[in-house]
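Asks: The following block contains the structure, expressed as structure tokens.
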Amino acid sequence: MSLKTIPGLHRFLLWKTKHLSQQQFILILSVIIGFTAGLGAVIIKNLTHFIQDLLEAKVIITYHHAFYFIFPLIGLALTLFIIKKVLKKDVGHGIPSTLYAISKRKGIMRSFQMYGSILTAPLTVGFGGSVGLEGPTVATGASLGSNISRLFRMNQSARTLLVGCAAAGAMSSIFKAPIAAIIFAIEVFSLDLTLVSMLPLLMASVSAILTSYFFFGSDTLLPFELKDSFHFSEVPFYIILGCISALGSIYFTVIYFKIYKIFGKINNQFYRMLIGGGCLGILVFLVPPLYGEGYGVINNLLAENYLQALGTNFLNEFLDNIWVVILLLTGLVIFKIIATSLTFAAGGVGGIFAPVLFMGSALGHCFALIVNNTGLLNKPISTSSFTMVGMAGLMAGVLHAPLTAIFLIAELTGGYELFVPLMITALISYLITNTVQPHSVYTMELAKKGELLTHDKDQTVLTLLNINQIIEKNFVPLQINMNLGDVIHKGVIKSSRNIFPVIDGNNNFMGIILLDDIRPIMFKQHLYDEIKVSDIMQRAPDTIDLQNDSMKTIMKKFQHSAAWNLPVIKENKYIGFISKSKMLTAYRQKLIEVTV
């Protein structure tokens, strides 16, 4: 992004440098980014609802219920067309792609991500894809935040903070829950909890929610008013719900990655779209509530309107039987993640936030109905309260964001009457899930590669280091078939280093020779032809795999081997060396960057 492309920008930056401090300018940008993130949320939401209203009002009702089968496939085909022919780049999944940009791209997100999700997510969800809009909305806002910060030449630390501001703004605009949005940004994006970061997050969240109020008024996704108060006698049931939510969270994650892995074996993206879209269409046809985001289902469950919530199916005439309702709700819990995973695997663009809330609401409501209809209690427990708390329980487990879950549901219910139950269920669900699955759906793949940022400052700095920037290549390689004379004339004389990598004719790494190893014999010319490289070569203390080793792993290898230099290989081909001193220097420099 060139300064010359925007007239007057260079003069503005000079004025800003003279009259505004870095912190003051970040506060101004946070308001702008909050507004743009809120605007992005408005656009994505309106486009999706326009498509849904058009299809449901003019096609499905006029023609036939069977169109539910074909619509998801049409939506996925249009999404694939936009990605392949218009964007010509992979849009990626919203929040994981943002986390990757923060950890491995210094908070830099490509410009097409500002509009990529706007073009694709409404098509996926509007045509029946069983995913949410929160992830794409966050990615859109985050990309806007990243590119605005690049435009004004902000450093990596400020850029990361402004990406977090955009995420907070997006969530604040979607749910009208500004406090939960701030906590979401801190919890999911691992931002530092300081006054320096809190003020920009607060201002972005406020400007975004004001944008939402301007366009949507006081309408909310979940217009629920809590009527039932919390009773101490319900604590055991909230504890049990926390345990069940943990099981549901583990099930969610396992199914998500298992289906993704199965479809990953299909190399042709068109076939993946056909198979995944076809399976999704069948599911949506058999279980209509799986169509789209599912907030309408949640609202109907809160109102105990089961006919509307559970859709049209062959068991409709039996909905007066509460056990049939329980059976159908159990089906929603089981099949929602399957539908969501199929949507993603087929190439759809969306997020998992809405599916998590959907499953949590069905789980909590189903649990309350079972408790109330077993005849164990004289006074029934509140189905609406358990529906809301169930959402928090699954959110805490799947997203590994218990604080976000607690505050989001508390804000959505318009008060803190449910605060204690929310804390109990969310905490238990998170603790159990975290024991079985240490990382969330968002972070699992990044964590496996050692590319995940956390609140651990040392771990964060190591993750942000770029291994390619600290590889040294001023070493002279020696061929395995050389003799001692070759080592002296082609290696020692020409090199300023005291270590020599040994390779074969195909550049495969074989070992190392230390200058200390040949010093006693280097002047004995009668041995020059007699001694071969293979005679004096030794194994390296360890090797660094360029493709698979994270910076944390590399640091451990230095610690365990006590070496000062370790060879870097890629598919066993020699690349260079990394020295402990250069790595520590890079670590100190990066630590200064992320803390300034």
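Asks: Can you quote the Å³ per residue value for the convex hull of the Cα atoms in segment 507-572, rounded to an integer?
Replies: Details: hull volume 5.8 nm³, N = 66.
Cα convex hull per residue, to the nearest whole number: 87 Å³.
Asks: Given +1 on the Cβ of Lys and Arg, -1 on the Cβ of Asp and Glu, and no further charges, what dipole in debye does the chain carry about its Cα centre, rounded to the nearest 20?
Replies: Values: 45 positive and 33 negative charges, 494 e Å.
Magnitude of the dipole: close to 2380 debye.
Asks: Sticking with this structure for a sec: Using a cut-off of 16 Å between alpha-carbon atoms, which lysines can reach LYS261, once sequence neighbours fewer than 8 places away in the same chain are excluded?
Replies: Correct list for LYS261: LYS448.
Asks: A further question on this structure: Where does helix 269-286 land angle-wise versus the long Cα axis of the chain, in degrees 0 to 90, nearest 10?
Replies: 20 degrees
Asks: Quickly rank 160-169, 46-55 as a protection proxy: mean count of other C-beta atoms within 10 Å, highest first.
Replies: On the way: 160-169: 32.3, 46-55: 16.6.
Peptide ranking by packing, descending: 160-169, 46-55.
Asks: Given a cut-off of under 8 Å on Cα pairs at least six residues apart, what relative contact order in percent is computed for the chain?
Replies: Numbers: 1076 pairs, mean separation 89.3, N = 596.
Normalised by residue count, the contact order of the chain is 15 percent.
Asks: Checking the table LYS552/LYS573; LYS227/LYS379; LYS16/LYS590; LYS104/LYS552; LYS89/LYS590; LYS556/LYS582 against a 24 Å threshold on Cα-Cα, which pairs fail? Don't skip to the answer; put the middle values down first.
Replies: Numbers: LYS552/LYS573 22 Å; LYS227/LYS379 16 Å; LYS16/LYS590 26 Å; LYS104/LYS552 14 Å; LYS89/LYS590 30 Å; LYS556/LYS582 15 Å.
In this structure, LYS16/LYS590; LYS89/LYS590 exceed 24 Å between Cα atoms.
Asks: Right, next: Provide, as a two-decimal number, the C-alpha radius of gyration of segment 157-250 over 2.2 N^0.38 Å, N being how many residues it has.
Replies: On the way: Rg = 16.9 Å, N = 94, 2.2 N^0.38 = 12.4 Å.
Its radius of gyration relative to the 2.2 N^0.38 Å reference: 1.36.
Asks: Over all pairs of distinct alpha carbons, what does the Kirkwood formula give as the hydrodynamic radius of segment 75-150, in Å? Don't jump to the answer; show the numbers that get you there.
Replies: Working: mean 1/r = 0.0804 Å⁻¹.
So the Kirkwood estimate lands at 12.4 Å.
Asks: Separate question: What do you get for trypsin sites (Lys or Arg not before Pro) in segment 249-347 restricted to DSSP loop and a cutoff of at most 15 other Cβ within 10 Å of the site's Cβ? Could you put the intermediate results ahead of the total?
Replies: Values: sites: LYS258, LYS261, LYS265, ARG272, LYS336; in loops: LYS265.
In loop regions of segment 249-347 (DSSP not H, G, I, E or B), the sparsely surrounded trypsin sites (Lys or Arg not before Pro) are LYS265.
Asks: Against the globular-protein guess of 2.2 N^0.38 Å, express the Cα radius of gyration of the chain as a ratio, rounded to two decimals.
Replies: Values: Rg = 28.6 Å, N = 596, 2.2 N^0.38 = 24.9 Å.
So the Cα radius of gyration is 1.15 times the expected 2.2 N^0.38 Å.
Asks: Moving to a separate point now. Tell me the angle of helix 67-81 to the major Cα principal axis of the chain, expressed in degrees between 0 and 90 and rounded to the nearest ten.
Replies: It is inclined by approximately 30 degrees.
Asks: If Lys and Arg each add +1 and Asp and Glu each add -1, what is the summed charge of the other residues whose beta carbon sits under 14 Å from the beta carbon of LYS582? Could the numbers behind the result be given before it?
Replies: Values: positive: LYS473, ARG497, LYS580, ARG588, LYS590; negative: GLU472.
Neighbour charge sum, excluding LYS582 itself: +4.
Asks: Hey, another quick one. Output ³J(HN,Hα) for segment 148-157: one whole-Hz value per residue in order, computed from phi by the Karplus curve 6.51 cos²θ - 1.76 cosθ + 1.60 with θ = phi - 60°, and x for Gly and Pro.
Replies: In residue order, the calculated couplings are 5, 5, 5, 4, 9, 6, 7, 6, 4, 4 Hz.
Asks: Positive end of the charge dipole of the chain (Lys, Arg +1 and Asp, Glu -1 on Cβ, about the Cα centre): tell me which of TYR238, LEU363, TYR213 has its Cα farthest that way.
Replies: Farthest along the dipole direction, towards plus: TYR213.
Asks: So what is log10(I(q)/I(0)) for segment 203-268 at q = 0.12, 0.18, 0.20, 0.21 1/Å, when the Debye sum runs over its Cα atoms only?
Replies: With one equal scatterer per Cα and no solvent, log10 I(q)/I(0) is -0.78, -0.87, -0.86, -0.87.
Asks: Further, regarding this structure: Starting at the first residue of segment 419-436, write each ³J(HN,Hα) from the Karplus equation 6.51 cos²θ - 1.76 cosθ + 1.60 with θ = phi - 60°, in whole Hz, x for Gly and Pro.
Replies: Result, ordered by residue: 4, 5, x, 4, 5, 4, 5, 5, 5, 5, 4, 5, 4, 5, 5, 5, 5, 7 Hz.
Asks: On to the next question. Over the chain, with every protein chain in place, what whole percent of the accessible area is carbon and sulfur at 1.4 Å, could you tell me? The partial results should precede the final answer.
Replies: Details: 16210 of 26290 Å².
Within the chain, the accessible surface is 62 percent carbon and sulfur.
Asks: Per the helix-only calculation at 222 nm, which mean residue ellipticity applies to the chain, given -39500 (n - 2.57) for every DSSP H run of n ≥ 4 and division by its residues, nearest 500 deg cm²/dmol? Could the numbers behind the result be given before it?
Replies: Working: 24 runs with 354 residues, N = 596.
So the calculated ellipticity at 222 nm is -19500 deg cm²/dmol.
Asks: Quick one: Kirkwood hydrodynamic radius for segment 178-311, alpha-carbon pairs, angstrom, one decimal? Before the final figure, lay out the partial values.
Replies: Details: mean 1/r = 0.0510 Å⁻¹.
By the Kirkwood definition, the hydrodynamic radius is 19.6 Å.
The values are calculated or read from the model by the stated rules, or taken from the named source; none is laboratory data. Quick caveat: nothing in here was measured; it's all calculated off a predicted structure. All Cβ positions, even for glycine, are placed from backbone atoms using ideal geometry, and neighbour counts span all protein chains on display. Accessible surface areas use protein heavy atoms only, side chains included; no ligands, DNA or RNA. Shrake-Rupley method; radii C 1.70, N 1.55, O 1.52, S 1.80 Å.
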